[in-house]
Amino acid sequence: WNIGGQDRDIDRITWNAQHNTINIDSLTLRSGDSHIVCQGFYNTARDMDFDISAHDIDLARSVLVRKKYPLDGVVNGTLRISRGEEDPTIVPSVDMSIKNLGIDESYIGNLSVAVKADLGNKYISTAATLDRKGKRTLDIHGGINIKEKALVPDIYIKMDSLDVAPVHYLLPSVFNKSSGTLSADLSMVEGNMTVPNINGYISLNDVNLGI
């Protein structure tokens, strides 16, 4: 990876030691066609705004491995972390996609994830989809209501023949093999995020899990 090298007027980090502020002017990390761009500022713990964007990051060439199992896929997306003087907490925003995600010899599919906080309406919207071989096998939508100090879910989950083969790669300390598919239609409404109220059904088709 090469850091900067584009333009000294923009590829730079400025630290004001007197006021303890930081300003990042579009700093770029580049490797071939892949690059990550970071920009933003930090004035105080209550006044900051950072934006990080990833472009064509090849997981097969990265150090992101889960033990001995390598990851595959190409990542694109943005991450924004901000907080204004009137915001009670940091406001996150994520919009990411991974094309042709896989782990070891198991193909997972095309994954998209989006999370955005709206503190004015005390709501965190969430969405995630997984498409595999032309079929949407996972669809998560809804969000989280912020009620006083509690996080109350308002999330709906649909699975349509979701392949469980990658499970033993993700949980190697629990399972040594996995196969089959999973279908479900679930709602997580009310309760809280640690103990949500879950309603719906789950259907297992030829699922095998080795322990």
| Residues of segment 97-124 classified as among the polar types (S, T, N, Q) and over 21 Å from A184 (Cβ atoms), total | 3
| said: Give me the residue from segment 159-204 that is hydrophobic (A, V, I, L, M, F, W, C) and open to solvent by 90 Å² or more (accessible area, probe 1.4 Å) and, out of that set, farthest from L138 (Cα to Cα). | reply: V195
| query | Among the numbered criteria (1) open to solvent by less than 70 Å² (accessible area, probe 1.4 Å); (2) outside any strand (DSSP E or B), which single criterion is violated by N145? | reply | (2)
| Has segment 3-18 got any residue that is surrounded by 15 or more Cβ atoms within 10 Å (Cβ to Cβ), part of a strand (DSSP E or B), at pLDDT 80 or above and more than 26 Å from the chain's Cα centre (by Cα)? | no
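Residues checked against (1) in contact (Cβ under 8 Å) with a residue 24 or more places away in the chain; (2) of a type outside the set (A, V, I, L, M, F, W, C); (3) in a strand (DSSP E or B); (4) touching an Asp or Glu at 6+ places or on another chain (Cβ under 9 Å):
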site	(1), (2), (3), (4)
I22	no, no, yes, no
S26	no, yes, yes, yes
F50	yes, no, yes, no
S53	yes, yes, yes, no
| field | Condition met for V207 (of a type in the set (V, I, T), modelled with pLDDT under 95 and open to solvent by 40 Å² or more (accessible area, probe 1.4 Å)) | value | yes
| task | Taking the options G73, G77, G102, G134, name whichever one is at pLDDT 85 or above, within 18 Å of the chain's Cα centre (by Cα) and either basic (K, R) or farther than 23 Å from V37 by Cα (or both). | result | G102
| said: Residues to consider are I81, I98; find the one that is assigned to a strand (DSSP E or B) and either open to solvent by less than 40 Å² (accessible area, probe 1.4 Å) or over 30 Å from R61 (Cβ atoms) (or both). | reply: I98
| note | The correct count of residues that are open to solvent by 50 Å² or more (accessible area, probe 1.4 Å) and in contact with a strand residue (DSSP E or B) (Cβ under 8 Å, 6 or more places away or on another chain) in segment 148-158 is 3
| Based on what the data block shows, is K135 basic (K, R), in contact (Cβ under 8 Å) with a residue 24 or more places away in the chain and farther than 29 Å from D95 by Cβ? | no
| task | Scan segment 107-123 residue by residue and report those that are over 14 Å from the mean Cα position of the chain (by Cα), part of a strand (DSSP E or B) and under 23 Å from I198 (Cβ atoms). | result | Y123
| field | Selection within segment 148-172 - assigned to a strand (DSSP E or B) and among the small types (G, A, S) | value | A150, S161
| Taking L59, is it surrounded by 11 or more Cβ atoms within 10 Å (Cβ to Cβ) and at pLDDT 85 or above? | yes
| said: Looking at the structure I just gave you, is R46 at pLDDT below 95 and either more than 16 Å from the chain's Cα centre (by Cα) or farther than 24 Å from N16 by Cα (or both)? | reply: yes
| said: So the check is Cβ under 6 Å with 6+ separation or different chains; which pairs have a first residue in segment 190-211 that's under 10 Å from S178 (Cα atoms) and assigned to a strand (DSSP E or B) and a second one that's among the polar types (S, T, N, Q) and open to solvent by 100 Å² or more (accessible area, probe 1.4 Å)? | reply: G210/N176
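The values are calculated or read from the model by the stated rules, or taken from the named source; none is laboratory data. No experiment lies behind these values; they were computed from the predicted model shown. Cβ coordinates were reconstructed from backbone atoms using ideal geometry, including for glycine residues, and neighbour counts include every protein chain displayed. Each accessible area value is taken on the protein alone, full model and side chains, heavy atoms only, with ligands, DNA and RNA left out. Shrake-Rupley method; radii C 1.70, N 1.55, O 1.52, S 1.80 Å.
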